[in-house]
Amino acid sequence: MIQAEAKNVNFYYGDFHALKDISMTFEPSSVTALIGPSGCGKSTFLRLFNRMNELIGNTRLEGLVTVDGKNIYDKDVQVDEIRKRIGMVFQKPNPFPKSIFENVAYGLRVNGINKKSILDEVVESSLKKAALWEEVKDNLKKSAMALSGGQQQRLCIARALAVEPHLLLMDEPASALDPISTAKVEDLIFELKKQYTIIIVTHNLQQAGRISDYTGFFYLGSLIEHDKTQKMFLNPADERTQSYITGRFG
Amino acid sequence: MTRKQLSQYIAFSSFTIISLVVVGILFVILGFIIVRGASVISWEFITGMPEEGMTKGGILPAIVGTGCLILGSMIFAFPVGVLSGIYMNEYLSDNWFRRFIDFMTNNLAGVPSIVFGLFGMALFVNYLGFGDSIIAGSMTLGLLTLPVIIRTTEEALKSVDDSLRTGSLALGATKLQTIRKVVLPVAFPNIITGLILSIGRVSGETAPILFTVAAYFLPNLPHSIYDQVMALPYHLYVLATSGTNMEESRPMAYGTAFVLIVIVLLMNLLANFLRKALGKRVKM
Ligand SMILES: Nc1ncnc2c1ncn2[C@@H]1O[C@H](COP(=O)(O)OP(=O)(O)OP(=O)(O)O)[C@@H](O)[C@H]1O
Ligand SMILES: [Mg+2]
């Protein structure tokens, strides 16, 4: 079974050809790490799956992007409906300047769900899944801005989980965090993959090795290699993958 | 002292002196008005009608008139200005059209207020047939402050971090929901500040109300938006330049100036206070 797929995808920022004929599939309940040198198109590729690239003007997409077998760029697809089913966590924690509770409840509220009992339940379960509940359960009314960076990032993960996404996109979710918070987020991702399909961009190869089942190596807009993480790290098929992993460029 | 330190010292001292001179001048102006004006201020002055060729009595009609004009112009300009600002910053992409509108808005902000007065007279007083009235004056003053409110709104929205917008959109919020629930609450304290500062401007303008609403002498309070009113800045102008007995009415002029300054000062204090209070609520 396939949860998400990109098929012969080309993507352009104006004249700049940012993604070159990329085909890639993602299995349910797996973690796929996207690695590669800066500027190779990892974030661009990730953003295809919740159509966030559309916020940037003058771009063009060719090819097919599907989630749950459905082309998410179909004419009859509403973009906000798509984004409700696909969670995204950004590099820099971006909690809303609202209370912890309201941050997690946000995705439900914009969906028209305002019933207190439902919100209470979802906020609690999401914060538990994001391993933040124990730290904040006594002051859910506190501003999210008062949390530490690591807590903020886990709050953003909880916020994304609250709408029950089918797919979780993470763009360097731990790169702005200290080692202890990073370890927490990594543990969390490990837990989450039981329920969610996760695509994660990371510059940290050890991290990719620790948490992912599959790894895709991007280079200059192309997908050079995509395989089981172990295979990629121990015995890559392509020379460029080899050089990147052993740190010869990047 | 090395040369570098010396030039540092000279630069720093001259900046200090210049700032002190500027602040000093401001204080002299304020002090002048306060000293001359405060002695005139009394309960009767604030709540009474002008009497005996405006050399005695109070300035209540002018205070009420200015109040009406502030309220009227804001009822008109605030929604229009804020909505335009939102539209320009959140919906228009950064193309030639947006830049053109920005350019025109900036130009509009620089147009002398007497021009707005003439335009207001042509459009509201004559063409739309409101006559000299609160509504014509309010609309004219509203037009005058519109560019300021639009710009303030735009600046306030620009200062909202884009990551909040993307964060909200990524959760499936529509653009409108994102603006309403995330962007506006963050920008609101700054927008409010702009509003109140423009109130300060509205309360002090004379030229735009000259041909659209201001009455030379009208010792009763307005009953409807189609009435004429007296207004503080125009009243001051009249007292200072064309009263029936200018020597006698001079103290009244200082008193009026004093009241006007107090209103502007109060507005600025309120703006500061609201920005802090609302800002705190948003950060929480
Ligand atoms: N908004 C944009 N407009 C134009 N070009 C862009 C835009 N965003 C990215 N690009 C270009 O597309 C290419 C891929 O960018 P992308 O952000 O996907 O790289 P990345 O692999 O995520 O890099 P990093 O590891 O530094 O985050 C880069 O060459 C970049 O300059
Ligand atoms: Mg990136």
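Summary table
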quantity	calculated
Charge dipole (debye, nearest 20) of chain B; +1 at Cβ of Lys and Arg, -1 at Cβ of Asp and Glu	1340
Most mobile of A:35, A:56, A:82 in a GNM of chain A (Cα contacts under 10 Å)	A:56
Selected from A:125, A:117, A:175 as most flexible by GNM, with chain A as the system and alpha-carbon contacts under 10 Å	A:117
Structure-based [θ]222 nm, chain A - -39500 (n - 2.57) summed over DSSP H runs of at least 4, per residue, nearest 500	-10000 deg cm²/dmol
GNM top mover of A:146, A:208, A:33 - chain A, alpha-carbon springs below 10 Å	A:146
Solvent accessible area, Å² - residue A:166, 1.4 Å probe, full protein context	70
Exceeding the 31 Å Cα-Cα cut-off - candidates A:75/A:115; B:56/B:276; A:70/A:228; A:141/B:276; A:92/B:175; A:75/A:129	A:75/A:115; B:56/B:276; A:75/A:129
Ranking by accessible area, most exposed first, for B:10, B:101 with a 1.4 Å probe	B:10, B:101
Residue B:180 - accessible surface, heavy atoms, 1.4 Å probe, Å² rounded to 10	140
Partner chain coverage, peptide A:105-111 - average Cβ within 10 angstrom	5
For residue A:235, net neighbour charge (Lys/Arg +1, Asp/Glu -1) across residues whose Cβ lies under 14 Å away	-2
Accessible surface ranking that places the most exposed of B:138, A:148 first, with a 1.4 angstrom probe	A:148, B:138
Diffusion constant of the protein assembly as shown at 10 °C, which comes from Stokes-Einstein with the Kirkwood Cα-pair radius and 1.306 mPa s, µm²/s	57
Chain B shape via C-alpha gyration tensor axes, a/c threshold 1.5	oblate
Surrounding net charge for residue B:215, when Lys and Arg each add one and Asp and Glu each subtract one, Cβ distance under 14 Å	-2
DSSP-defined antiparallel bridges as percent of all bridges, the range A:92-250, nearest 5	60
Exposure rank, largest accessible area first [B:43, A:133; 1.4 Å]	B:43, A:133
Net charge of neighbours whose Cβ lies under 15 Å from the Cβ of residue A:173, counting Lys and Arg as +1 and Asp and Glu as -1	+3
Alpha-carbon centroid distance for the pair the range B:1-55 / the range A:55-131, whole angstrom	55
Rounded accessible area of residue B:17 (nearest 10 Å², 1.4 Å probe)	100
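The values are calculated or read from the model by the stated rules, or taken from the named source; none is laboratory data. Since the model is a prediction, treat every value here as computed from it, not as a measurement. Using ideal geometry, Cβ is built from the backbone for each residue, glycine included, and neighbour counts are taken over all protein chains shown. Side chains are part of the model used for accessible areas, which takes the heavy atoms of the whole protein and leaves out ligands, DNA and RNA. Shrake-Rupley method; radii C 1.70, N 1.55, O 1.52, S 1.80 Å.
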